[in-house]
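To keep things clear, I will list the structure first and then write my remarks on it.
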Amino acid sequence: METLIPVINKLQEIFNTVGAEVIQLPQIVVIGAQSSGKSSVLESIVGRDFLPRGSGIVTRRPLVLLLVNVPFLEERQHAASGETTLAQREVPLGPWSVSQGLLCLPVPSQTFTDFSEIQQEIETETERTTGTNKGISPEPLYLKIYSPHVLNLTLVDLPGITKGPVGDQPPDIEGQVLEMILSYVSNPNCLILVVTAADTDVATSEALKLARDVDPDGCRTLSVVTKLDLMDAGTDAMDVLMGRVIPVKLGIIGVVNRSQHDIKTWKSITESLQDEQAFLQKQYPLLANRNGTRHLAKTLNRLLMHHIRNCLPELKTRVNVLTAQYQSVLQSYGQPIEDKNAMLLQIITKFATEYCHTIEGTAWNIETSELCRGARMGYIFQETLGRTLESIDPLAGLTMLDILIAIRNATGPRPALFMPEVSFELLVKRQIKRLEDPSLRCVQLALQLLVHIIQHCSTYNTQELLRFPKLHEAIVEVVTGILRQRLPITNEMVHNLVAIELAYINTKHPDFMDTALVSASVSTRKPMPATWKLSQQEQWDCEVIRRLIISYFLIVRKRIQDSVLKTIMHFLVNYVKDYLQSQLVGQLYKQELLDMLLTESEDMAQQRKEAAGLLQALQRASQTISEIRETQLW
Ligand code: GDP
Ligand code: MG
């Protein structure tokens, strides 16, 4: 078994790397008639005396041996006494399934370093659950064995198949045992060791029949013939071992275990192996190298290796997929910085370019506050400005009474002889003033959009900014700084645009309806409340002024719409576009800031390190897999 240990350990390392399920080595289950030598065979596989053996029904509960490979050092820590191999009985013996994995067992309550103690413990524990009446119990007994000399493997020792109850055994004992055996051997990931004693009739072996039922193809059944030394004089097991009695695909291996006498006289395993070899050489010289405990162990090794090799292609695929994944992850984290100057300049330029590009080619979806590529910025403002300013009614907030009062104030007590231009000017200025607030709101809107673009650029386009959070902050600071700095001048200009309109009411504007034209067109007069006591003239004046205000206001509104848009573009948008790059470079591209700005985010640095480490491990794993494929066990 030890030949496979380095392979399994290497694989273990791969599993740790790729997080794959550990390859489940097949469980090895021994089945056979009572006293055929099952426990003895298992023991010789493990190479330790620790199972109760003897005549009659000794194994009365399934014994699950969990072999755990531990590096030598760790084992020393486990074994205070310094023994090289250590066993633990798992208590409580609650439900534990192999699928849970070998390493998630309940905390062991007892630790043994003396294997004869274990033997005693197994006996006591068996009697505790089954009583002394030779009854059996399906409740498995778990024994975990830590050693540098074992594979991570599960061996199961089962009670023997009996013919009818003995003593006060329950009448259905045969059925109980069969059911228990079936529950183990029907697991497709189980290797069945069918143990038959050579001094019994192999042809009628119940165990072989049972194995054939659950494994008709014979891919996981191995036959072991024990007690070759106990055959009647003049008979031999030649036919059986050659497979002439019952052929077994994976092989038939004859062994000689220690007899009850050997056990009583403390014959060592080493000695017994030597004697076995000598016996085989003498009795079966032609078959000696194909039989014996050593050959059995080698065969098991080969079967396990075969199983491992079958699992390798899938593992290899997994390693390859993960390698590709981590390669792209690593790429997305960016290359390690080589030249900080170049990198800083590159990031700044990239940001500035992206920002300007976004300004030129984005639409501002008012409803969803989302940026979408498409229209030019100017167009967006035209739309927005148009909507905001056009919604202002030329006569908003102006009643007929206001007009009348203005006329009366302007003309004084004397009856008017001509159209009171003074009152027109007064009133139209009031209306023009109303354009200022919405125009200033447009500036605000432009500013919001420009700020939003910063975010847009850093989220969608510049992976580097996630990597260098300090640089990100600094860039945002510079851009908002420029915007902040440009806001007053833009507002001032917009304010002036309205002020300019207020400065002079140009009634000679070619598009303005002149008084004469309006006067001529006013024929019908709106009925005024009688209480106002309007003269005919006053009524007519009111209507004329109303129409003049509308005409003049529309001219101004159109002009303001146009020039506010141009103001925003010139003072704010184009300025940012023209100076962003140079401002960013001027403020950030400084030797003393370099290290600070290019400090990588800790997360990112850590993640890159981890990804790089994993990638290396994966490459090692891939190498190991190829090595294992070529490993020759003999
Ligand atoms: P189990 O009931 O199938 O587990 O059989 P055990 O392993 O307990 O063995 C039953 C008895 O047969 C024990 O006394 C063993 O010492 C003895 N025994 C097992 N194998 C051999 C063998 O190959 N040769 C001899 N002489 N005795 C054996
Ligand atoms: Mg036994």
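The values are calculated or read from the model by the stated rules, or taken from the named source; none is laboratory data. Treat the numbers as computed from the prediction; the structure is a model and nothing was measured. Note that each Cβ is placed from the backbone with ideal geometry, even for glycine, and that neighbours are counted across all protein chains shown. Surface accessibility is based on the protein's heavy atoms, side chains included, excluding ligands, DNA and RNA. Shrake-Rupley method; radii C 1.70, N 1.55, O 1.52, S 1.80 Å.
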Quiz prompt | Candidate set from the range 29-52 (those that are more than 18 Å from V185 (Cβ to Cβ) and open to solvent by 40 Å² or more (accessible area, probe 1.4 Å)); member that is modelled with the highest pLDDT | solution = S35
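Yes/no per residue for (1) at pLDDT 85 or above; (2) among the small types (G, A, S); (3) open to solvent by less than 60 Å² (accessible area, probe 1.4 Å):
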{"residue": "T323", "(1), (2), (3)": "yes, no, yes"}
{"residue": "T358", "(1), (2), (3)": "no, no, yes"}
{"residue": "W364", "(1), (2), (3)": "no, no, yes"}
{"residue": "E367", "(1), (2), (3)": "no, no, no"}
Practice problem: Those residues that are under 17 Å from T293 (Cα atoms) and assigned to a loop (DSSP other than H, G, I, E, B), I need them from the range 189-241; list them, please. | Solution: A198, K227, A237
Self-check item: Residue that is farthest from ligand 1 (Cβ to nearest atom) [pool: residues in the range 259-303 that are β-branched (V, I, T) and open to solvent by 50 Å² or more (accessible area, probe 1.4 Å)]
Solution: T270
Quiz item: T293: of a type in the set (V, I, T) and within 28 Å of A197 (Cα to Cα), yes or no?
Solution: yes
Quiz item: in contact (Cβ under 8 Å) with a residue 12 or more places away in the chain, in a loop (DSSP other than H, G, I, E, B) and surrounded by 16 or more Cβ atoms within 10 Å (Cβ to Cβ), is that true of V256?
Solution: yes
Practice problem: Kindly provide the set of residues from the range 431-460 that are polar (S, T, N, Q), touching a residue at least 12 places away in the same chain (Cβ under 8 Å) and closer than 14 Å to F381 by Cβ, ordered by number. | Solution: S439
Exercise. Please work out if I173 is within 18 Å of S36 (Cβ to Cβ), more than 14 Å from ligand 1 (Cβ to nearest atom) and open to solvent by less than 10 Å² (accessible area, probe 1.4 Å).
Key: yes
Exercise. Could you tell me which residue of the range 589-608 is nearest to the chain's Cα centre (by Cα), considering only residues that are modelled with pLDDT under 85 and assigned to a helix (DSSP H, G or I)?
Key: Q607
Quiz item: Considering the range 424-446 alone, what residues qualify as being in a helix (DSSP H, G or I) and open to solvent by 30 Å² or more (accessible area, probe 1.4 Å)?
Solution: E425, L426, K429, R430, K433, D437, L440, R441, Q444, L445
Quiz item: Given the residues L230, L208, which is the only one that is open to solvent by 60 Å² or more (accessible area, probe 1.4 Å), within 16 Å of ligand 1 (Cβ to nearest atom), out of contact with any Gly (no Cβ under 7 Å at 6 or more places or on another chain) and modelled with pLDDT of 90 or more?
Solution: L230
